[in-house]
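Values quoted throughout were computed directly from the atomic coordinates according to the rules given, and no laboratory measurement underlies them. The structure displayed is predicted, hence computed values, not measured ones.
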Amino acid sequence: MRYLWRIEQEGRLPEKEKNALTPERKARLLSLGFEISIRPERGKKTWDDRYEQLREFFEERGHCDVPCRYHKVLLLPRWVKEQRKQYRLLFFPEEEETSKLTMEQHRRLEDLGFDFTGERVGPSCSKRWHLCTCDFVDNEASTEEKAKEQE
């Protein structure tokens, strides 16, 4: 019950005050039996964190074309896709949306050899799935035809 209260109270604080616990509140919480520990927000990665993951991927593979089902860092493909979107917004702005990508971030990605168009990646996952299933159906049909010929 107390844990839920803490989460609810943190949600009501302005962003800059979330980690600011006054000495009075701290003493009161301790007197109620709370254990107070400061830990980083789970799951939140900064742009620099993701860039570092991409750089590690580049060092392993020699390119920045992260497959859509990259198992080592599950959210990296989504981040890469978002960088391409932010690139388009940076250089081809739309009225209702502006880019979060800075010119410095753009330069860092460019220096790494990042493909902002996504054309080198090849077909998207859904297109690849379609191509694979079509190939499977074609192979299955040709297998049936060969079986009929052998009869």
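Tabulated data for the structure shown
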{"item": "In sequence order, calculated HN-Hα J values of the range 98-113 (Karplus, 6.51, -1.76, 1.60; Hz; x Gly/Pro)", "result": "10, 6, 9, 7, 8, 5, 5, 5, 4, 4, 4, 5, 4, 4, 7, x"}
{"item": "Potential lengthening between Glu59 and Met103 on full extension [0.36 nm per residue; Cα-Cα distance subtracted]", "result": "13.5 nm"}
{"item": "Length gained when the stretch Leu30-Leu75 is fully extended (0.36 nm per residue, less Cα-Cα span)", "result": "12.5 nm"}
